[in-house]
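Some notes on the structure that comes next.
Derivation of every value follows stated rules applied to the coordinates shown; laboratory data play no part. On a predicted model such as this, the values are computed, not experimentally measured, just so you know. When we count neighbours, we look across all protein chains shown, and the Cβ atoms used for this are built from the backbone with ideal geometry, even at glycine.
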Amino acid sequence: MFTRSSWLHLRIPFSYFLFPVFLFSLSSAPNFTEQSLLWTFIIIHFFLHPASNGYNSYFDKDEKSIGGLKNPPPVNRGLYYLSLAFDTIALVLGYIKINLTFTIMLLIYGLISKAYSHPSIRLKKYPIASWLIVALFQGLFTFLMCYVGVNKYGFENLGKMNVILPGLLSTLMLLGTYPITQIYQHEEDAKHGDKTFSMVLGIRGTFYFVAGLLD
């Protein structure tokens, strides 16, 4: 059932593009241990992000270059089940190795990422909303999720400004860089009826916008 093409669509190496958020969160962590650091890294980058990649690939069915795959193979039903299996592993490990708070955050992130491409919601077709939601969840929310994981903290530890501010900086960086990653998918997105933020701005406009935001 789990063919080579399904494993390729998990795009595990591509998950490391979000590794800087993990490191940024770690730099603010006052109470981490080697074990909590390792398990948080494994759960997020080897299971949570790949599960999102695979799930979205299954519903997008892109035929041209996507993040981490220059020539994506055709998707099959096995990819759908493999992505759900990775999600389940992330949740089980999150509960056993970290705590309930971390597990809840993993669940929320997984649900939002699925809404990005699932046809009943498909946030991807709403240019402004998808841009803001992706930046918020891959930035601030991921920062807080990593912070909870490496420190084994609860929600009560997330309201401090020394935690919120660097998380918001992560979101600001994503607001600037995310539209760039959409440029090479304009043709595929248009074919699916999606209109991403980068398509609204245009190729030249995307570069001008990003340069202005990150300047």
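Listed values, structure above:
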{"item": "When each of LYS114/LYS195; LYS97/LYS160; LYS70/LYS114; LYS64/LYS124 is checked by Cα-Cα distance, pairs over 20 Å", "result": "LYS97/LYS160; LYS70/LYS114"}
{"item": "Most fluctuating residue given options SER27, SER120, SER130, as computed from a GNM of the chain linking Cα atoms under 10 Å", "result": "SER120"}
{"item": "FRET efficiency, TYR208 to LEU168 (Cβ-Cβ, R0 22 Å, nearest 0.05)", "result": "0.40"}
{"item": "Neighbour-count ranking [beta-carbon atoms within 10 angstrom, fewest first] of MET161, MET105", "result": "MET161, MET105"}
{"item": "Distant alpha-carbon pairs in the chain (separation over 33 angstrom), percent", "result": "14 percent"}
{"item": "Highest-MSF residue in the chain out of GLY159, GLY94, GLY110 [GNM, Cα springs under 10 Å]", "result": "GLY159"}
{"item": "C-alpha center-to-center spacing [the range 149-215, the range 1-37] in angstrom", "result": "18 Å"}
{"item": "Dipole-positive endmost among TYR208, PHE143, ASN56 within the chain (Cβ charges, Cα centre)", "result": "ASN56"}
{"item": "Two-decimal Rg to Rh for the range 156-215 - Kirkwood Rh, Cα set", "result": "1.16"}
{"item": "Normalised contact order of the chain, rounded percent, pairs of Cα under 8 Å and 6 or more residues apart", "result": "24 percent"}
